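Only one structure is covered here, and it is reproduced in the block below.
The values are calculated or read from the model by the stated rules, or taken from the named source; none is laboratory data. Since we're looking at a predicted model, the values are computed, not measured. Quick reminder, even Gly has a Cβ in these numbers, built from the backbone with ideal geometry, and neighbours come from all protein chains shown.
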Amino acid sequence: MGILSTKHFIGLEKATKQDIQTLIDYGYMFKEVLDRPIKKVPSLNGINIANLFFENSTRTKLSFELAEKRLSADVINFSASSSSLNKGETFKDTVQNIHAMKIDGIVMRHPTPGSCKQLSQYVDSVIINAGDGTHEHPTQAMLDMMSLHEKFGKLKDLKVAIIGDILHSRVALSNIYGLNKMGAKVMLCGPPHLIPPCIEDLGVVVTSNLDQVLDWADAINVLRIQRERMGIGLIPSVREYRDFFGITNERLSKIKREIVVMHPGPMNRGVEIDSDVAESDQAIILDQVLNGVAVRMSILYSLLGNEKELKNEKK
Ligand code: CP
């Protein structure tokens, strides 16, 4: 076993508090590398990584690729839309053929929940989940937690509200698992039909009263309305959604203190968040993106590097 207690990084449900803290600590170390004139270290020299994206992505795909290159890994990129899947090749054949090229690590995004676990049964590479359907997006939760830790200096007892379409959100589930483990307090807010049944069993408070949430929270993580994953009728009117759950300056100005505003992206401006909020000083949305590169370097390094090299990095 390496620096972490697990071989893969498939989800935060079973991650340990120590693993999460280690990844944040190394995230700060790698963020310092990103500020250097030459933003590159040899930590993963000779390691081959395949990025398999079966679903669209901007931030996760590019930040993984950048993180891998900053660590000097050799990288190949697979995009389902231009692959032999379109000629009828199966998922199993596809990943086993890629793995046969001597791949050490696979980063995968896939629309099917549980697909990373399935992948781990087909290949013996290290597997990192870059988002599996509506299940988990653990590296997003890691960058969210690093950004909160950076802003507040702690996670314990921090009051974090996750607002919006919780039902379709892998970001929400990974954040709930991670924040709970780190001792933060989590409240969920959204339309009742976009909150999964029994989610309170995970130790979170659920409400549909946004003003109550804004009064309580130190930070809010605003989620995208995932219209591509919804059936007909879950959002009868975008305008009505904005009226009840949209984060607007008007709404934020009613509370007497400043709360930190986060969004994992991509944003539906004018729906779940207004442009003037997203671009305000209280929003840390682009800081989250930068921390995404640092914490993904931390995850890649922790799973695919070795401790001797890390000690040399620290010197
Ligand atoms: N936050 C996030 O996962 O964004 P992408 O879909 O662009 O990767």
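All of P113, P138 fail the test of being touching an Asp or Glu at 6+ places or on another chain (Cβ under 8 Å), modelled with pLDDT of 95 or more and under 30 Å from K159 (Cβ atoms), apart from P113.
For region 239-253, the count of residues that are within 16 Å of the ligand (Cβ to nearest atom) and assigned to a loop (DSSP other than H, G, I, E, B) is zero.
Go through region 259-296 and give me each residue that's more than 24 Å from S63 (Cα to Cα) and out of contact with any Leu (no Cβ under 8 Å at 6 or more places or on another chain). Those that are more than 24 Å from S63 (Cα to Cα) and out of contact with any Leu (no Cβ under 8 Å at 6 or more places or on another chain): G270, V271, D274, D276. Among the residues of region 30-50, write down those that are under 20 Å from Q288 (Cβ atoms) and surrounded by 16 or more Cβ atoms within 10 Å (Cβ to Cβ). Across region 30-50, the qualifying residues are F30, K31, V33, L34. Taking region 55-69 as the range and being surrounded by fewer than 22 Cβ atoms within 10 Å (Cβ to Cβ) and in contact (Cβ under 8 Å) with a residue 12 or more places away in the chain as the test, the residues that pass are E55, S57, T58, R59, K61, E65, L66, K69. Just one of the listed residues (E32, E55) is under 16 Å from the mean Cα position of the chain (by Cα) and of a type in the set (D, E), namely E55.
Scanning region 257-269 for residues that are modelled with pLDDT of 95 or more, in a loop (DSSP other than H, G, I, E, B) and surrounded by 14 or more Cβ atoms within 10 Å (Cβ to Cβ) turns up I259, H263, P264, G265, M267.
Please determine whether any residue of region 255-274 is more than 15 Å from the chain's Cα centre (by Cα) and under 30 Å from D124 (Cβ atoms). Scanning region 255-274 turns up no residue that is more than 15 Å from the chain's Cα centre (by Cα) and under 30 Å from D124 (Cβ atoms). Only one entry of A80, A67 meets the criterion of being aliphatic (A, V, I, L, M), under 23 Å from the mean Cα position of the chain (by Cα), within 16 Å of the ligand (Cβ to nearest atom) and farther than 19 Å from L290 by Cα, and that entry is A80.
Of all residues in region 43-64, those that are touching an Asp or Glu at 6+ places or on another chain (Cβ under 8 Å) and either more than 16 Å from the ligand (Cβ to nearest atom) or assigned to a loop (DSSP other than H, G, I, E, B) (or both) total 6. Remark: pairs (first residue in region 235-259, under 16 Å from Q212 (Cβ atoms); second residue among the small types (G, A, S) and surrounded by 15 or more Cβ atoms within 10 Å (Cβ to Cβ); Cβ separation under 8 Å; 6+ apart in sequence or on different chains) = F244/S208; F245/G164; F245/G190; I259/A217; I259/A219. Mind checking whether some residue in region 83-98 is under 19 Å from L303 (Cα atoms), free of Cβ contacts under 8 Å to residues at least 60 places away in the same chain and either in the same structural domain as V41 (by TED's automatic domain parsing) or in a loop (DSSP other than H, G, I, E, B) (or both)? Within region 83-98, none of the residues are under 19 Å from L303 (Cα atoms), free of Cβ contacts under 8 Å to residues at least 60 places away in the same chain and either in the same structural domain as V41 (by TED's automatic domain parsing) or in a loop (DSSP other than H, G, I, E, B) (or both).
The strands (runs of 3 or more DSSP E) falling completely within region 102-199 that include 3 or more residues that are surrounded by 24 or more Cβ atoms within 10 Å (Cβ to Cβ), within 16 Å of the ligand (Cβ to nearest atom) and of a type outside the set (V, I, T) map to 126-132.
Quick one: in region 114-131, which of the residues that are of a type outside the set (G, A, S) and touching a residue at least 40 places away in the same chain (Cβ under 8 Å) is farthest from L179 (Cα to Cα)? Only one residue tops the list, namely V126.
Selection of region 157-174 for residues being touching a helix residue (DSSP H, G or I) at 6+ places or on another chain (Cβ under 7 Å) and not charged (D, E, K, R) yields L158, V160, A161, I162, I163, G164, I166, L167, H168, V171, S174. When region 271-299 is limited to residues that are away from the ligand (no atom under 16 Å from the Cβ) and in contact with a strand residue (DSSP E or B) (Cβ under 8 Å, 6 or more places away or on another chain), the one that is farthest from S72 (Cα to Cα) turns out to be D274.
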